[in-house]
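Working notes for the structure below.
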Amino acid sequence: GQQVMQIPQYQHVQEGEDFTTYCNSSTTLSNIQWYKQRPGGHPVFLIQLVKSGEVKKQKRLTFQFGEAKKNSSLHITATQTTDVGTYFCAGPRSSNTGKLIFGQGTTLQVKP
Amino acid sequence: DGGITQSPKYLFRKEGQNVTLSCEQNLNHDAMYWYRQDPGQGLRLIYYSQIVNDFQKGDIAEGYSVSREKKESFPLTVTSAQKNPTAFYLCASTPGQGRETQYFGPGTRLLVL
């Protein structure tokens with residue numbers, strides 16, 4: 001069945017280091033979304049990418065959608081302790097019912 | 001202040017007991033969803049509803065039931081048939097009509113006594 005995989009599952013970095021999480025889909029996606037979940041909190045929508053090869057930036061966060069629309073990445077430059085949390089990617093299900101399929105997430109820990 | 005509310009924040013279930021988790025939204029969204037989150041895992045879809053009085057099973061519906069009698073409300077019942085109910089339950093909604101960004105409630109943490 002359709003799958004969305006994320007790597008790595010966990011990442012520990014020193015404050016100021018960069019961080020990247022990768023998302024790979026078994027199927028071509030019409031769009032991909034990224035969410036952030038702080039410890040003890042709920043997922044919050046960050047961004048949606050739609051076009052092949054699209055790159056979007058939000059301050060220190062850079063999101064990229066692959067040319068084949070099957071992979072995506074989130075890169076954080078110069079991490080801060082406020083970046084701590086789990087980052088999920090999600091894409092529409094093939095059945096096109098408005099449902100999303102989520103990756104298992106990458107949990108980022110930042111040491112001050 | 002628009003959003004999604006879930007109650008209670010923590011819920012304890014005894015063996016053989018059914019419990020109901022509340023989810024209410026005032027965003028006027030058509031579609032609503034229930035997810036289960038276990039430690040180190042992503043979000044797994046339990047049930048979803050695209051319109052009032054209609055809902056469909058997700059990937060892990062066994063042991064759960066839902067209703068959608070009002071647009072604003074989508075309660076989830078965890079039945080005694082769900083043998084491993086301890087998890088974090090998240091309710092979400094989307095505007096529908098192809099707009100897929102999900103808005104999540106704060107979640108309910110269910111623990112078994």
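The values are calculated or read from the model by the stated rules, or taken from the named source; none is laboratory data. Predicted model only: the values in this text are computed from it and were never measured. With ideal geometry, Cβ positions are generated from the backbone for all residues, glycine too; neighbour counts draw on all protein chains shown. To get the accessible areas, we keep the full protein, side chains included, count just its heavy atoms, and leave off ligands, DNA and RNA. Shrake-Rupley method; radii C 1.70, N 1.55, O 1.52, S 1.80 Å.
Looking at chain B, the accessible area is 48 square angstrom per residue; that uses a 1.4 Å probe and ignores ligands, DNA and RNA.
One compactness figure for the range B:47-113 is 1.17, namely its Cα radius of gyration divided by 2.2 N^0.38 Å. Loop-located GluC sites (Glu not before Pro) in the range B:67-113 (DSSP state other than H, G, I, E, B) with a sparse environment of at most 12 neighbouring Cβ atoms within 10 Å: B:69. Enumerate the aspartates and glutamates that residue B:9 could reach by cross-link, defined here as Cα to Cα under 18 Å, with residues fewer than 8 away along the same chain left out. Qualifying aspartates and glutamates at Cα under 18 Å: B:24, B:38. Per residue, chain A exposes an accessible area of 48 Å² to a 1.4 Å probe, with every protein chain left in place.
When the accessible areas of A alone and B alone are added and the area of the pair subtracted, with a 1.4 Å probe, the result is around 1700 Å², both sides summed.
Restriction of the GluC sites (Glu not before Pro) in the range A:1-110 to DSSP coil positions whose beta-carbon has at most 11 other beta-carbons within 10 angstrom yields A:67. Which is the longest run of chain A containing none of the trypsin sites (Lys or Arg not before Pro) found in DSSP loop states (not H, G, I, E, B) with at most 15 other C-beta atoms within 10 Å? With a cap of 15 other Cβ atoms within 10 Å, the longest stretch comes to A:61-112.
Local charge for residue A:105 was computed over the other residues whose Cβ lies under 13 Å away, with Lys and Arg +1 and Asp and Glu -1, and equals +2. Over chain B, with every protein chain in place, what whole percent of the accessible area is carbon and sulfur at 1.4 Å, could you tell me? Of the solvent-accessible surface of chain B, carbon and sulfur hold 47 percent. Going from the chain on its own to the full set of protein chains, the range B:31-65 has these residues losing 50 Å² or more of accessible surface (heavy atoms, 1.4 Å probe, no ligands, DNA or RNA): B:40, B:43. Accessible surface for residue B:30 stands near 40 Å², nearest 10, in the context of the full protein assembly shown (1.4 Å probe).
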